[in-house]
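This report concerns only the one structure given below.
Every number in this text was worked out from the coordinates using simple rules, so none of it is lab data. Please read all numbers here as calculations on a predicted model, not as lab measurements. Please note: Cβ atoms are built from the backbone with ideal geometry, for glycine as well, and neighbour counts cover all protein chains shown.
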Amino acid sequence: MPATVKVMKRPVRQSSYIRATLKGMALTFRHMVKAAGDRSEATIQYPEVKKQLSPRWRGTHVMETHDDGRPKCVACGLCPTICPANCIKLVPGEDDQGNRYPIVYEIDEFRCIFCGMCQEVCPVEAIHVGNHYENAEYTRNNFVYDLNRLMKQEHPVTMLWDPADPAGE
Ligand code: SF4
Ligand code: SF4
């Protein structure tokens, strides 16, 4: 479907900021009253109670492993190339049989914008964004997940977008 562009007219009169502020506050107040009337929707007792995430919610990464504990990554270099935030560090290696593997694989979860392109592009389904958001840290360095840390993540991985089911229903 072609994109449509809506052209907004600039106001010709000087607008009153007081009126705009009051309108905004009235809207906030209406939502406040609405939320108070339906507490089950507005408030949950986090962290004891958590809302279920969409299966397509994108959060902390997971590196899949083989049965023998090796990472599934074959160090092809696609994910650091496609990453728009430039937050994946890969140093590739190769064993005697010519099998490639990551010597260093790191993701800076602080810089990541959770676009999911690393998951989409991975030819061996090794790296995934995951259904997880509780990854707060006290220092920036702690947001850099190395290979071992990525392999230890146990939360479910994010479902990829399916063109046959665009709304994910
Ligand atoms: S989710 Fe996007 S920004 Fe984050 S590491 Fe993957 S490709 Fe980069
Ligand atoms: S795209 Fe997959 S196989 Fe390639 S470097 Fe990234 S994680 Fe490894």
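None of R149, R140, R111 is of a type outside the set (A, V, I, L, M, F, W, C) and within 15 Å of ligand 2 (Cβ to nearest atom) except R149. Within region 88-113, the set of residues being touching a Lys or Arg at 6+ places or on another chain (Cβ under 7 Å) and charged (D, E, K, R) comprises E94, E106.
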